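Read the structure below first, then the notes.
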């Protein structure tokens, strides 16, 4: 059997409706296509004509699991367009919200979506009996991360309090103390899970040396908003130039759009961030990195799961630092006395699964007249396909079930958010 | 006597997956729920069969926005005794339904330069396609309300229905009313609170977090729509703005068309 067609029709345990088709000839990859089958939702069109303060509420509905990222980057983008300068306090609260989302999304992905593959189970449910301590850590960590989002943002999914100009309400001291007291346990638990993931036998590997991209701030590990974007094989560039460097093009043999940097596919997400920012981790984050035994820069997509765990430790520590600050200093009441002006603005941030860009223009009536959103899964889509070139020759000798499993694991390792990518243009609407 | 557990499937159509995420956010309570149900189908969390067969309860998130999804809904209905629609998309169309209230070509051409290949159809709430037996409202759903609906259903009770506006819950929470604030405060000028027309059950979630209600649970049975439209006019909202605001989540259903028209005629 030298030719094989693998069709993962509706990939389970990812957010959204995606399909991967791989054709193998003579143990080599002939072609691979990753397809997005989610219904189109036209968000960039739906926000047209809306007043600036309505836009973040609508646009966060692009995606539930990245709803904090969409909310935060849209408020920054709109503030940039309208000439509004948010306060230091607002920056800190938004960071805390983003750390909460990183934790929630990464832990959901590692424990509920990815880990079942690594221990060869069909879901997290059988894990409750085979690995009860792991499932206990999952419920505790994921639940606590959701509590951060509820107490800071007002809700676990689609935050309410983060609005253009600042926050509509501040968390109570009791809530902040509660979160502060539980976070050290989350760090300890995550270290245990790093040890577990490292120890699991017979895992797939790839080493596709492609570029990796993330937002960039030379002073800190940027999870939430920065002025620049950087990449492993080159220099940082201004965020507003994203379309100049990260090229999207249609190719005649495929319906999907391809994102490239220097004519090659690239990756965004936890592993790229860690590759670029590891020297800026908190001390405990560095301990987690050492424990993980990742050798950076790491080109193995499967290691994205481990990178997520390292980031969890780092984000938990950063949350503790911000909570400590507010517990001792309290909040300053802010007035929302700004004077918005029409204009154009871009903001970039890191969603848990990678670089997220929002760009807006507002007209004289402060209504949205242009909107562009580029999601991490749209950037990663081409890389998902090109990874197969490296993976298939390594596993082509194995039974079909193994090949299917490793391909499923590859797609899941990106932690793709297909409902995100299907919000608009990156969606191929024609293929069948 | 051993009772067979009801067979349950959870399905996602076009949506942000937030309602399914809120189900996952129940954490260990999901495991408790699994003592009472046999979860056959849930792609977000389990390897699942290609198609649903022989279900007692189908739980559906999302709205239909292409022909495949309409076919999928019919298939689910044919294989399920009871259908629960969860979230604003499934019950009202969701925010993506707004394009049905806007200039459709303007919306689509903002996203696609070439419209010839776009296979999207007007957004439809689930009840516009198939019979829906029960609703869990909200964008996203309140996970506790979801759990109590399912538990009521499998133990043979009728799930709760509120039939009252969000204002009732807001008063119980002791929030200061957005309409009664004496001087312009945060966000007061920029928005109109939809509490008077929206169905309760969320615990007045947005007003309790410093933001006005934006109606994600849809209209209550007897909405104070005329008063709301008058209040909005007093705050210099144009008729177009009022229509879009009052129907931010409900562009995928025709059930509010008539009352909206009547209200707008009063202006």
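The values are calculated or read from the model by the stated rules, or taken from the named source; none is laboratory data. Small disclaimer: the values here were computed from a predicted structure and weren't measured. Methodologically, a virtual Cβ is constructed for each residue, glycine included, from the backbone with ideal geometry; neighbour enumeration extends over all protein chains shown.
Of all the strands (runs of 3 or more DSSP E) wholly in region A:323-398, which have at least 2 residues that are modelled with pLDDT of 95 or more and crowded, with 18+ Cβ neighbours inside 10 Å? Before the answer, list the steps.
Details: elements: A:343-351, A:354-362, A:368-374.
Filter on region A:323-398 gives A:343-351, A:354-362.
Here is a list: A:59, A:11. Which entry is more than 7 Å from chain B (Cβ to nearest Cβ) and in a loop (DSSP other than H, G, I, E, B)?
Sole residue among the options that is more than 7 Å from chain B (Cβ to nearest Cβ) and in a loop (DSSP other than H, G, I, E, B): A:11.
Restricting to region B:107-142, name every residue that is modelled with pLDDT under 95 and in a loop (DSSP other than H, G, I, E, B).
Answer for region B:107-142, where residues must be modelled with pLDDT under 95 and in a loop (DSSP other than H, G, I, E, B): B:110, B:111, B:112, B:113, B:114, B:118, B:119, B:120, B:121, B:122, B:123, B:142.
For the condition modelled with pLDDT under 95 and within 20 Å of the chain's Cα centre (by Cα), what is the one hit in A:259, A:254, A:199?
Working: A:254 fails: within 20 Å of the chain's Cα centre (by Cα); A:199 fails: within 20 Å of the chain's Cα centre (by Cα).
Matching residue, one of A:259, A:254, A:199: A:259.
Go through A:30, A:85 for me and flag whichever is assigned to a loop (DSSP other than H, G, I, E, B) and over 30 Å from residue B:61 (Cα atoms). Walk me through how you get there before you give the answer.
Values: A:30 fails: assigned to a loop (DSSP other than H, G, I, E, B).
When all the criteria are applied, what remains is A:85.
Assigned to a loop (DSSP other than H, G, I, E, B) and away from chain B (no Cβ under 14 Å) - does that describe any residue in region A:185-200?
Just the residues of region A:185-200 that are assigned to a loop (DSSP other than H, G, I, E, B), to begin with: A:200.
Pick out the ones that are also away from chain B (no Cβ under 14 Å) and you get A:200.
The answer is yes; a qualifying residue exists.
Filter region B:154-180 down to the residues that are in a loop (DSSP other than H, G, I, E, B) and within 14 Å of chain A (Cβ to nearest Cβ), then identify the one that is modelled with the lowest pLDDT. Break it down stepwise before answering.
If we filter region B:154-180 for residues that are in a loop (DSSP other than H, G, I, E, B), which is where we start, we get B:155-164, B:174-177.
With the extra rule that they be within 14 Å of chain A (Cβ to nearest Cβ), the set shrinks to B:175-176.
Details: B:175: 92, B:176: 87.
Step by step, filter region B:154-180, then rank; the result is B:176.
From the residues in region B:62-100 that are within 10 Å of chain A (Cβ to nearest Cβ) and not in a helix (DSSP H, G or I), which one is nearest to residue B:220 (Cα to Cα)?
B:94
Give the residue, chosen from A:119, A:98, that is away from every other protein chain (no Cβ under 13 Å), closer than 22 Å to residue A:351 by Cα and either in contact (Cβ under 8 Å) with a residue 24 or more places away in the chain or out of contact with any strand residue (DSSP E or B) (no Cβ under 6 Å at 6 or more places or on another chain) (or both).
Details: A:119 fails: closer than 22 Å to residue A:351 by Cα.
From the options A:119, A:98, the qualifying one is A:98.
Identify all residues within region B:192-240 that are part of a helix (DSSP H, G or I), touching a strand residue (DSSP E or B) at 6+ places or on another chain (Cβ under 9 Å) and closer than 25 Å to residue A:167 by Cβ; write none if there are none.
Filtering region B:192-240 for residues part of a helix (DSSP H, G or I) gives B:195-197, B:207-209, B:225-234, B:239-240.
Subset that is touching a strand residue (DSSP E or B) at 6+ places or on another chain (Cβ under 9 Å): B:195-197, B:225.
The one that is part of a helix (DSSP H, G or I), touching a strand residue (DSSP E or B) at 6+ places or on another chain (Cβ under 9 Å) and closer than 25 Å to residue A:167 by Cβ: B:195.
For the list (1) surrounded by fewer than 20 Cβ atoms within 10 Å (Cβ to Cβ); (2) at pLDDT 90 or above, I need the number of the one condition that residue B:92 fails.
(1)
Just for region A:14-34: of the residues that are over 14 Å from residue B:14 (Cα atoms) and within 13 Å of chain B (Cβ to nearest Cβ), which one is modelled with the highest pLDDT?
Kept after step one, since they are over 14 Å from residue B:14 (Cα atoms), are these residues of region A:14-34: A:14, A:19-34.
Restricting the remaining residues to those that are within 13 Å of chain B (Cβ to nearest Cβ) gives A:14, A:19.
Details: A:14: 76, A:19: 82.
That would be A:19.
Residue-wise test of (1) closer than 24 Å to residue A:88 by Cα; (2) within 8 Å of chain B (Cβ to nearest Cβ); (3) surrounded by 18 or more Cβ atoms within 10 Å (Cβ to Cβ).
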{"residue": "A:131", "(1), (2), (3)": "no, no, yes"}
{"residue": "A:137", "(1), (2), (3)": "no, no, yes"}
{"residue": "A:144", "(1), (2), (3)": "no, no, yes"}
{"residue": "A:153", "(1), (2), (3)": "yes, no, yes"}
{"residue": "A:162", "(1), (2), (3)": "yes, no, yes"}
{"residue": "A:168", "(1), (2), (3)": "yes, yes, yes"}
{"residue": "A:174", "(1), (2), (3)": "yes, no, no"}
{"residue": "A:178", "(1), (2), (3)": "yes, no, no"}
{"residue": "A:182", "(1), (2), (3)": "no, no, no"}
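Kindly provide the set of residues from region B:241-252 that are assigned to a helix (DSSP H, G or I) and more than 11 Å from every other protein chain (Cβ to nearest Cβ), ordered by number.
Taking region B:241-252 as the starting set, the residues that turn out to be assigned to a helix (DSSP H, G or I) are B:241-246.
Residues satisfying the conditions are B:242, B:243, B:246.
Mind telling me which of the residues A:68, A:46 ends up being more than 23 Å from residue A:116 (Cβ to Cβ) and facing another protein chain (nearest Cβ under 7 Å)?
Numbers: A:68 fails: facing another protein chain (nearest Cβ under 7 Å).
That would be A:46, the only listed residue that is more than 23 Å from residue A:116 (Cβ to Cβ) and facing another protein chain (nearest Cβ under 7 Å).
How many residues, within region B:13-46, are surrounded by 24 or more Cβ atoms within 10 Å (Cβ to Cβ), part of a strand (DSSP E or B) and more than 7 Å from chain A (Cβ to nearest Cβ)?
Selection size over region B:13-46: 0.
Here's a check for you: in region B:221-247, which residue that is within 21 Å of the chain's Cα centre (by Cα) and over 19 Å from residue B:178 (Cα atoms) is surrounded by the most Cβ atoms within 10 Å (Cβ to Cβ)?
Going residue by residue through region B:221-247, those that are within 21 Å of the chain's Cα centre (by Cα) are B:221-225, B:228, B:241-247.
With the extra rule that they be over 19 Å from residue B:178 (Cα atoms), the set shrinks to B:221-222, B:243-244, B:247.
Values: B:221: 10, B:222: 10, B:243: 17, B:244: 18, B:247: 24.
This residue is B:247.
Identify, from the list A:127, A:107, A:115, the residue that is under 16 Å from the mean Cα position of the chain (by Cα) and either surrounded by fewer than 24 Cβ atoms within 10 Å (Cβ to Cβ) or assigned to a helix (DSSP H, G or I) (or both). Quick ask: steps written out before the conclusion?
Values: A:127 fails: under 16 Å from the mean Cα position of the chain (by Cα); A:115 fails: under 16 Å from the mean Cα position of the chain (by Cα).
After ruling out the rest, the residue left standing is A:107.
Based on what the data block shows, is residue B:57 more than 13 Å from residue B:125 (Cα to Cα), at pLDDT below 95, in contact with a helix residue (DSSP H, G or I) (Cβ under 8 Å, 6 or more places away or on another chain) and outside any loop (DSSP other than H, G, I, E, B)?
no
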